[in-house]
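Read the structure below first, then the notes.
The values are calculated or read from the model by the stated rules, or taken from the named source; none is laboratory data. Everything numeric in this text was worked out from a predicted model, so none of it was measured. Don't worry about glycine lacking a Cβ; one is built from the backbone with ideal geometry, like all the others, and counts go over all protein chains shown. Heavy atoms of the whole protein, side chains included, go into the accessibility calculation; ligands, DNA and RNA do not. Shrake-Rupley method; radii C 1.70, N 1.55, O 1.52, S 1.80 Å.
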Amino acid sequence: MAEKSTSREQRLGVYVCHCGVNISHTVDVERVAEVAATLPGVALAKTYPYMCSDPGQNLICADIKEHDLTGVVVAACSPRMHEPTFRAALVSAGVNPYMFEMANIREQCSWIHDDKEAGTEKAIDLMRSAVARAGYLEGLTEREIDVTPEALVIGGGIAGIQAALDIAEAGFKVHLVEKEPSIGGRMAQLDKTFPTLDCSACILTPKMVDVSRHPNINLMTYSDIEDISGYVGSFTVTIRKRARYVDVDECTACGDCVDVCPVAVPNEFDEGLATRKAIYQSFPQAVPAAYVLNMDECLGTNPIACGKCLEACDKQCIDYDAKDEVVEIKVGTIIVATGMDIFDATEIGALGYGRYDDILTSLEFERLVSAGGPTGGELVRFSDREAPKSVVFLQCVGSRDATVGNEYCSRVCCMYTAKQAHLVREKLPDAEITVFYTDIRAFGKGFEEFYDRVRKERVIYRRGSVSEIYRRKGRLIVRGDDTLMGEPVEIEADMVVLAVGLVPRPETDGVASFLKLSKSSDRFLMEAHPKLRPVDTAVEGVFVAGCCQGPKDIPDAVAQAKAASSSAIAPMARGTVRMEAISAKVDEDMCSGCRICVSVCPYEAITYDEKDKVSRVNEALCKGCGTCGAACPSGAMSTIHFTSGQMRAQVLALIGGSDD
Amino acid sequence: MAVSLQEKYELLGCIQCGRCTAGCPVSMRTYLNVRRVVYDGMTGVGPTDAKGRPEAWNCTTCSNCTERCPKGVKPMELIIGLRSAAIEKGRIEPTIRDALESTFKHGNPWGRIRDKRTEWADELSVPVAAEGEAVPFLFYVGCTPAYDPRAQSIAKALVALFAAAGVEYSTLGTDESCCGNEIRRMGEDGLFEMLVEGNRELFGGHEVGTIVTASPHCMNTFKNEYGEPTPDVVHYSQLLASLLEAGKLTFKGKVEKKVTFHDACFLGKHNGIYDEPREVLEQIPGVTFEEMDRSRERALCCEGGGGRMWLEATEERGERLAETRVKDAVELGADYLVTACPFCLMTLEDAVKTSGNEGKIEIIDLAELAAMAL
Ligand SMILES: Cc1cc2nc3c(=O)[nH]c(=O)nc-3n(C[C@H](O)[C@H](O)[C@H](O)COP(=O)(O)OP(=O)(O)OC[C@H]3O[C@@H](n4cnc5c(N)ncnc54)[C@H](O)[C@@H]3O)c2cc1C
Ligand code: SF4
Ligand code: SF4
Ligand code: SF4
Ligand code: SF4
């Protein structure tokens, strides 16, 4: 690779930003500019209060024209923040955007030091090293690649459903992949929803039906993602559609097969509180409205073992020989909406969950009070089928708790507890209802008002945490601290409901690893920027929506789904995407064919050409991480825009060495 | 300047949720409200030593508060700190002072002379390591099993079990000194440090390999508080479980009794050893084992730890927890309430008498029960 440009041919403009006082309070910006002006190749050096502002950018444009600058260095904040801003300024002044370099004297200097003298010295070093590198920069051309006008949505909870509908409505084809036999996710399990008390099924079912009917949506339920490769605009996705043994298009959900099936297993939709057959429908409103046969649970399909369902089905839509089907699709963008699980309350042994039948998780409680649930909505205890006289709710179970490694607040449990307390009152006018809480988080629209209403329905909120539940004379004893009273209390309860927190689903892991998505410290998927790019990921063309990104309620999950879908639509509507011109490049004459680069590339962007016996880089897959360049023993691999010459100049300037 | 309690015990993490007080076994029996103690330390308003806050002496150092605090605060350590501050200023109860003095002078808190430490073994043949002799496997008896007439039978039972299983071991005879577990919890940091140093030297001189202890208290401090390198230590219940599993220990006798098990705080809550004692129980021929409702991590403390063997509660409401425990076991219909800790053994046995349950139930150590089945 030619590194023809040397600092002597460049005419650089250097701009040092005050960032209000963010930088100037610990860095003498004037001095940084003075030193810059003396460096070889620098035509001018200036300071300005806010370089990113319009006047700041205009200053650069005007200087480029007036002084015929060939490149620009800005000493300011992180390039993650404003590199795109300044590159755009260069373009508008007719200079190639890659002739730009940034020195981060804010995050890496002023914000972390208090000694102005030393801070200034460091800022000068950082600026000097940026200028040195800028001397070796070259103009580069970005590539445009075509975008397949189809999207993939992974997960058919409310977030995935909404995202799929929005994309389909915009006129693009969507593949919606759901691992369960029906879409609906957690929301389908809920009875009512806070704070408005809408019936969950009543607002969800129409959307599920819309999905099944939409001509632009290809719904694949009971399906798993087996592999994803490719890049924005052109992902290849392998999907295994597990055999249902029931023809989805023919089955009318008459239920004749269910009547004859002799198997009974715990029904996961009812959180194991009821049973279902080996051939079943998850719930009455399931979409697709068709049965599914779980072969692992089936007694055997030959007539000696069982085979009763086949006989019972008049429409003959059961096929015991059905096979899994593996399909491959191409999509331009992907939305991950794999949702959440609930915290496993057996992890906190002192609470006795799993030991006593009458301690329920909140999700079990949702099923218990649901008209479609195991008791038909009757609120009774499992131990004796009697209505409880005293119901105690415990908030923050498995949330905000370092002992189980979940330090975050789960955001929905304060409100769903209020909702559930209300439902108890609705069904049992005389019951005593107690809620143990540490802090009430009622931050959403209508939340505080709802909390006010519920308290007035004779729900006693006691401020304090519960440490232990045990049994005395047949009754559950909830041992808590009433911190306002300043005394520990024991409350007798007939039923205890644990407001378990939300945790990431393990099923998200596979998808995350195919797509190389990162996680935040709470183990949920990480967004590209917590404030400004909340549904983007670090992988271009891949977006997140709903609880896979962090605990949230339905309104937030839907809002995020709408944001993710509009972001996913953008490149499809444009038809092409621009790729940064930074990628690895092989000097084929120098390549020895050792293939070390192939093995180290984390993005599988390098392939080995058996015929020519050299490695080749797929520029669309390459993220320009530089791993291969560092590993190549022959010096054949380099990274455009991060060439050895550029890096060398930058490092030498920093350590004060010289080229010889 | 002295470091404030707030800084020293990192109290600012506390959200005043109250889980510490909610789980504190003595919080409904005495005026100790550990959340309040944390709050006062956090805001800097309360007394800074246990003299000004006598209820701090009621803590049994069961560790519930510390184990369960969702924010990683260690309220139990704060309480021990308040005790230390009181001791530094010489503001201590006479019974505690006596125990500390005896430990300083004779290496045990029971006020007995060092020469009598091996009296329990007089009729037995128990190997004692000679000066400088290497001890690959040490049976660390501990002060209570060595001196207390009731608890001595734990040590004796273990000797019988070791013999039956062919375990080669040695003891340190009268050279053995207090482990310091209770000393640290009474707040005598200086004496504790001295014991650690002395014991490290003693163990080092004998090139001690693995240590088995009769009491979970000794195991706890060796394992968690002696610093690096951590001594290789097990409680005897762990050793018995592994001997049984390896087939080295077998029971020829039978004990036709219904038994239940009381988890000692220093075995269970502090060190997570719940399964091994039950594994041993379940292998004793004839034994019918039934759990009490409050078992494992929900086990009720007997109030024998944290120096409480040398101090009554400063004020009391309701029945003693050991009595509650005995009643629960009687209600279950157990013949034996089994434990694996000398302090539990003593407090529970006392509670049998005070709660009028004599003749209805017997308190017995796991080692004693196992030895009955040899
Ligand atoms: C007890 C309880 C009560 C609640 N009450 C309320 C309430 O009253 N009001 C409210 O606003 N919110 C409530 N919530 C929160 C609400 O449930 C969530 O906000 C909502 O369900 C999130 O939807 P989602 O689509 O992000 O995730 P989910 O509902 O979890 O959906 C994710 C979907 O993705 C599928 N999936 C996962 N991994 C894969 C994979 N690898 N491949 C294919 N498919 C996959 C799953 O099967 C599932 O169908 C409550 C939550 C709980 C636990
Ligand atoms: S063949 Fe299997 S699924 Fe069908 S009825 Fe029999 S057990 Fe049920
Ligand atoms: S939402 Fe409420 S109950 Fe849930 S973790 Fe946060 S504070 Fe606790
Ligand atoms: S449990 Fe921890 S956070 Fe809660 S009140 Fe006690 S010390 Fe504070
Ligand atoms: S250690 Fe046990 S007795 Fe002491 S304050 Fe904590 S919970 Fe209470």
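Here the accessible area is traced with a 1.4 Å probe on the protein chains. For the protein assembly as shown, carbon and sulfur cover 50 percent of it. Please list, by residue number, everything in region B:333-374 whose backbone N is under 16 Å from a paramagnetic label point 7 Å out along Cα→Cβ of B:Lys258. From region B:333-374, the list is B:333-338, B:359-363.
Helix-only arithmetic for the protein assembly as shown: the sum of -39500 (n - 2.57) across DSSP H runs with n ≥ 4, divided by the residue total, places the mean residue ellipticity at 222 nm at -9500 deg cm²/dmol.
Per-residue surface analysis assigns B:Ile15 an accessible area of about 50 Å², computed on protein heavy atoms at 1.4 Å probe radius.
With semi-axes defined as the square roots of five times the eigenvalues of the C-alpha gyration tensor, the equivalent ellipsoid of region B:1-120 measures 30, 17, 13 Å, largest first. Given +1 at the Cβ of Lys and Arg, -1 at the Cβ of Asp and Glu and no other charges, the dipole of region B:106-242 around its Cα centre is 500 debye to the nearest 20. A Förster distance of 51 Å, applied to the separation of the beta-carbon atoms of A:Ala88 and A:Lys323, puts the FRET efficiency at 0.40. Evaluating kT/(6 pi eta Rh) at 4 °C and 1.567 mPa s, with the Kirkwood radius of the protein assembly as shown over Cα pairs in the Stokes-Einstein relation, gives 38 µm² s⁻¹. Rg over Rh for region A:333-444 works out to 0.99, using Cα positions for both radii and the Kirkwood form for Rh.
Summarising the strand pairing of the protein assembly as shown, around 45 percent of its internal DSSP beta bridges are antiparallel. log₁₀ I(q)/I(0) of region B:250-374 at q = 0.14 Å⁻¹, via Debye over equal Cα point scatterers, no solvent, to two decimals? Log-scaled intensity ratios, in q order: -0.57.
Working from the pairwise distances between different alpha carbons, so that the mean of 1/r is found and then inverted, what is region A:517-660's Kirkwood radius in Å? One decimal place: 18.1 Å for the Kirkwood radius. Computed from label points 7 Å out along Cα-Cβ, the spacing between A:Asp509 and A:Ser634 is 3.9 nm.
Only Lys, Arg, Asp and Glu carry charge here, each on its Cβ (+1 for the first two, -1 for the last two); on that basis region A:232-390 has a dipole of about 180 debye about its Cα centre.
Geometric descriptor of region B:38-93, per residue, is 73 Å³ (volume of the convex hull of the Cα atoms). Under 28 Å of direct C-alpha separation, and excluding same-chain neighbours fewer than eight residues apart, B:Lys156 reaches these lysines: B:Lys105, B:Lys116, B:Lys223, B:Lys248, B:Lys252, B:Lys254, B:Lys257, B:Lys258, B:Lys269, B:Lys353, B:Lys360.
On the beta carbon distance between A:His67 and A:Ser644, with R0 = 35 Å, the FRET formula returns roughly 0.70.
Dimensions of chain B along the principal axes, based on C-alpha atoms and rounded to the nearest Å, stand at 62, 51, 34, largest first. Net charge of the neighbourhood of A:Asp321, taken over other residues with C-beta under 14 Å away and scored Lys/Arg +1, Asp/Glu -1, is -2. Summed over both chains, the accessible area lost when A and B associate is about 2200 Å², using a 1.4 Å probe. Taking +1 at the Cβ of each Lys and Arg and -1 at the Cβ of each Asp and Glu, which of A:Ala371, A:Thr193, A:Ala350 sits farthest along the dipole of chain A towards its positive end, judged by Cα position relative to the Cα centre? After comparing all options, I get A:Thr193.
Fully extending the segment from A:Thr238 to A:Asn302, taken as 0.36 nm per residue of separation minus the present Cα-Cα distance, adds 19.8 nm.
Where the alpha-carbon atoms of region A:553-625 are placed on the principal axes, they occupy 56, 27, 20 Å, in descending order. In plain terms, the bigger the Kirkwood radius, the slower the diffusion; for region B:106-242, with that radius from Cα pairs, at 25 °C and 0.890 mPa s, Stokes-Einstein puts D at 164 µm²/s.
For region A:392-467, the normalised intensity computed at q = 0.16, 0.18 Å⁻¹ comes to -0.57, -0.70 (log10 of I(q)/I(0), Debye sum over alpha carbons, equal scatterers, no solvent).
Just so you know, the Rg over Rh for region A:224-324 is 1.06, from Cα atoms, with Rh as the Kirkwood radius.
Percent of C-alpha pairs per 10 Å bin in region B:194-309, short distances first: 12, 36, 33, 16, 3. Projected onto its three principal axes, the C-alpha set of region A:473-528 covers 54, 28, 10 Å, listed from the longest axis down. Semi-axes of the equivalent ellipsoid of region A:7-134 are 22, 15, 12 Å, computed as sqrt(5λ) over the eigenvalues of the C-alpha gyration tensor in descending order. Over region A:584-639, the alpha carbon radius of gyration divided by the compact-protein estimate 2.2 N^0.38 Å works out to 0.95.
Measuring only protein heavy atoms, the 1.4 Å probe finds B:His206 accessible over about 10 Å².
Give the residue from A:Pro388, A:Met590, A:Ala132 lying farthest towards the positive end of the charge dipole for the protein assembly as shown; charges sit on Cβ (+1 for Lys and Arg, -1 for Asp and Glu) and the dipole is referred to the Cα centre. The residue sitting most towards the positive pole is A:Pro388. A simple charge model with +1 on the Cβ of Lys and Arg, -1 on the Cβ of Asp and Glu and nothing else charged puts the dipole of region B:76-183 at about 420 debye relative to its Cα centre. Normalised by 2.2 N^0.38 Å, where N is the number of residues, the alpha-carbon radius of gyration of region B:30-181 equals 1.35. Quick one: net charge around A:Arg240, please, counting Lys, Arg +1 and Asp, Glu -1 for every other residue with C-beta under 15 Å from its C-beta. Residues near A:Arg240 contribute -4 overall.
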